[in-house]
Structures are given as C-alpha cells and as structure tokens.
Amino acid sequence: MYVGESSICYVDGKGGKLYYRGYSIEELAEFSTFEEVTYLLWYGELPSKGELREFSRKLAKNRELPKELLDVLEMMPKHAHPMGVLRTAVSFLGNFDDEPVKTPEDVYEKGISLVAKIPGIVASLYRLRMGLELVKPREDLSHAGNFLYMMFGKEPPKSWERAMDVALILYAEHELNASTFAVMEVGSTLSDYYSAVVAGIGALKGILHGGAVEEAVRQFLEIGDPERVEEWFFNALKNKRRIMGAGHRVYKTYDPRAKIFKKYARMIGDKRMYEIAERLETLVQKHLSKKGVNINVDYWSGIIFYAMGIPIEFYTTIFLMGRISGWTAHLAEYISNNKLIRPRLQYIGEIGKRYIPIERR
Ligand SMILES: CC(C)(COP(=O)(O)OP(=O)(O)OC[C@H]1O[C@@H](n2cnc3c(N)ncnc32)[C@H](O)[C@@H]1OP(=O)(O)O)[C@@H](O)C(=O)NCCC(=O)NCCS
C-alpha cells in the first residue's frame, strides 16, 4: 500500500531493481562515490565537478568532533552496543543545534554536519574500546577513506576504501523502510533534525532491520564449517529459526544490493566464511525463495567488514553511516510540503463499559 509520493528512490520488489533518483544501483555502485550519491539523493541531480568538489569540501570540513562529545563517548558503559552509543552521541550533538527544521535547506545544513561526523564517532568509539589513542580526521581523504583511517590509524588499502565506499552507497537509501519512516514521523511534527535521526537510529538497531547485518555474520561463525551448512540449515528450519540476511518485505527476489555486496565479499572476505555463506545461500534460494524469502542486503556485507577486522557489534553503525543520507533526503522532501503524520488504528475492543469501583471488582 502506498502512503505517499516521493521522487527519491524506486524499489521494484518483483523485478529486483533499485533506483536512486532514476539511476540504477548497479551503475551508482560501479561509477559513483558516497559523496556524489548523497548529493544526488539530496538535490535530485548528479553534481557538476565544481558542485561535487564544494560539497565534498563541506563534508570534510565538518568532520572534527567537539571535545565534549569525546568525553561523552569515554563515559559510556564499555558493554553498551555501539548503536546505543551513537543514539546518545547524536542526541548530545542535538543540544548544540536544536533549532526546529522548517525548510529543506535547514535539513541539509544540519545534515552535512551530522553525516560528516558519524564515521568519526564510530571510529573514536572503536579506538576508545581498544584502548588506542584517538585519530584526528583528515580533510584530504574521501568519506569512506577517512572513516577507515580514523578507525585504524593508517590509510586503508585502496580495495578496502572502495569496498567501504560501495557499502555506503548501497546502504544510503531504500524508500520507506522502518527507520526512514521513524525519521519522517518525528520530522513531520516539526521537531529538530537530531531528534528525527535519533528515532531512525532506534529503528535501525533492531535485528529485523539493520541489526541483521551483525546477526548474519554470527550465524556464519556459528555454522563454522562449510560441511555443517546443510545440517545447520535444516535444523534452523525445524526450529523455526530465521536465516539472518534473508527475507524482505518488498523484494520477493534476490536483493540487487546483495549481488553487489557478494562481489566484494568474494574479493575481500575470509575464504572459509565466504564458502559457508555461499552454501547457505544455495539452500535459501532452493528451499525458501518459493515463499518469497531470498538473500537480502545484510547477508554479504558483514563478511567484508569482518575481513577488515571491524568488530561485529559495529556493523549496524556502518549501515547507519550510509542510511543517514537517505533519511536526510526524505526528511527534506517531506517537510517541503509537510503534513503531520498521524495514522489511525482500527479499534477492535469493546465500548460503552461502565466503571466499577475497585472494592466491587
Ligand atoms: C525481513 C523480515 C522481517 C520480513 O518478514 P515478512 O515480510 O514480515 O515475512 P513473514 O515474517 O510474514 O514471513 C513469511 C514466511 O517466510 C518465512 N521467513 C521469512 N523470513 C525468513 C527467514 N529469514 N528465514 C526463514 N524463514 C523466513 C516465515 O517463517 C514465514 O513462513 P510461514 O509462512 O511458513 O510461516 C523477515 O524476512 C526476517 O525476519 N528476516 C531475517 C532478518 C533480516 O535479514 N532482516 C533484514 C531485512 S533487510
């Protein structure tokens, strides 16, 4: 059921196709960058050279994290999930800048600042947890390259930088998914940008949404051996367990983003984990696709992050690093013709009951 109109993204669930502003995801993943895709999603057209240079420069200039935020990161409990920490970090940043957003320009101004900072927050949290010194952002690196640089303290290999860039492109946007809806719902009340993003983070954290990327890798580790895949799969079905990284509300065919992630997982991923995933994929496609359950975006991506040595609990934050760009595009589009989102629930309870004083119940 359609609940509104948008010109940002088209998901063809039957055909297994995805377009951002009319451009196919395959072409964007092949030729574009996260910075350019963000520009495209926000402003509706691919930028000229000068426009892209200026946009990338603005993003790079906004990377520095306030000292107070680093103190907050340090105070967070060590066992807290990075998505929870990110929720707090974004909420904290909102206190410096909590003007309501009324126009798309307001949204983009705040968006550029937050999109730029999220990778640094994630990398800094990782380094604090590892007991490593924090790394300052560099303006001369790409968005993806700077993230890996701040995480590992050295420039990443080109193949890793490109794989991360493509991951951010693939995660950037997906129409009215649960987290985008949460962002739009809060934004439609003319609340502030950060409150809307915090709502999105809460929704994305769940394992039925972005959190599945972490669970998929845990599932490959649990299987442990390519020879065990078949037994594990049929046991999982018998015990009504869900295969993580499979199934989708809209795609009833193989997710086009997963095909691209698979290529990078094959190039960069651990061979054994890749083989486990490939055997499991064959079984999913053979036994579950007739029910409309196919491999989705979260199946292969974690294999790439795992090979880079990023701890599993950080994977959803990488999803978020990409998706915040789509959230921002939708918020800007929606509030340019804002109407409070107020769905109704069909009431199925009783009415007309009489109040009975407590001593007579
Ligand atoms: C994403 C998801 C919530 C969509 O679910 P949905 O559209 O509501 O589909 P339903 O939960 O109604 O499931 C329909 C049928 O497919 C089965 N199914 C759905 N996803 C499945 C999975 N990942 N593994 C095994 N079976 C699955 C259900 O058990 C159900 O079977 P039944 O009709 O025999 O009872 C679901 O596929 C899921 O939980 N996937 C795993 C988590 C995940 O990867 N999330 C990331 C999404 S991008």
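Screening the candidates Glu161, Glu173, Glu214, Glu185 for the property of being among the charged types (D, E, K, R), within 30 Å of Glu105 (Cβ to Cβ) and in contact with a Ser or Thr (Cβ under 8 Å, 6 or more places away or on another chain) yields one hit, Glu173. Per this entry, Arg57 is counted among residues that are of a type in the set (Lys, Arg) and not in a loop (DSSP other than H, G, I, E, B). Consider the range 192-239 and keep the residues that are within 15 Å of the ligand (Cβ to nearest atom), of a type in the set (Gly, Ala, Ser) and surrounded by fewer than 21 Cβ atoms within 10 Å (Cβ to Cβ). The one that is farthest from the chain's Cα centre (by Cα) is Ala236.
Among the residues of the range 303-347 satisfying the criterion of being closer than 23 Å to Lys252 by Cβ and in contact with a Phe, Trp or Tyr (Cβ under 7 Å, 6 or more places away or on another chain), which is nearest to the ligand (Cβ to nearest atom)? Walk me through how you get there before you give the answer.
Here is the first cut: in the range 303-347, the ones closer than 23 Å to Lys252 by Cβ are 319, 323, 326.
Next, only the ones that are in contact with a Phe, Trp or Tyr (Cβ under 7 Å, 6 or more places away or on another chain) stay: 319, 323.
Numbers: Phe319: 10, Arg323: 12 Å.
Looking at residues that are closer than 23 Å to Lys252 by Cβ and in contact with a Phe, Trp or Tyr (Cβ under 7 Å, 6 or more places away or on another chain), I get Phe319.
If you go through the range 173-190 and pick out every residue that is open to solvent by 30 Å² or more (accessible area, probe 1.4 Å) and away from the ligand (no atom under 15 Å from the Cβ), you end up with 4. Being among the charged types (D, E, K, R), within 14 Å of Leu283 (Cα to Cα), within 7 Å of the ligand (Cβ to nearest atom) and assigned by TED's automatic domain parsing to the domain that holds Trp300 is a description that applies to Arg242. Filtering Arg53, Arg87, Arg138 for residues that are under 17 Å from the mean Cα position of the chain (by Cα), assigned by TED's automatic domain parsing to the domain that holds Trp327 and open to solvent by 60 Å² or more (accessible area, probe 1.4 Å) leaves a single hit, Arg87.
Pairs linking a residue in the range 234-256 that is aliphatic (A, V, I, L, M) to a residue that is assigned to a loop (DSSP other than H, G, I, E, B) and within 7 Å of the ligand (Cβ to nearest atom), with Cβ atoms under 6 Å and 6 or more positions apart or on different chains, are Ala246/Val293. Here Lys291 fulfils each of the conditions (1) crowded, with 24+ Cβ neighbours inside 10 Å; (2) without any contact (Cβ under 8 Å) to a residue 12 or more places away in the chain apart from (1).
Is it the case that some residue within the range 316-328 is of a type in the set (Ser, Thr, Tyr), over 30 Å from Thr103 (Cβ atoms) and not assigned by TED's automatic domain parsing to the domain that holds Ser124? Scanning the range 316-328, I find no residue that is of a type in the set (Ser, Thr, Tyr), over 30 Å from Thr103 (Cβ atoms) and not assigned by TED's automatic domain parsing to the domain that holds Ser124, so the answer is no.
The values are calculated or read from the model by the stated rules, or taken from the named source; none is laboratory data. This structure is a prediction, so every number in the text was calculated from the model and none was measured. With ideal geometry, Cβ positions are generated from the backbone for all residues, glycine too; neighbour counts draw on all protein chains shown. The protein model used for the area step is the full one, side chains on, heavy atoms only, and it has no ligands, DNA or RNA in it. Shrake-Rupley method; radii C 1.70, N 1.55, O 1.52, S 1.80 Å.
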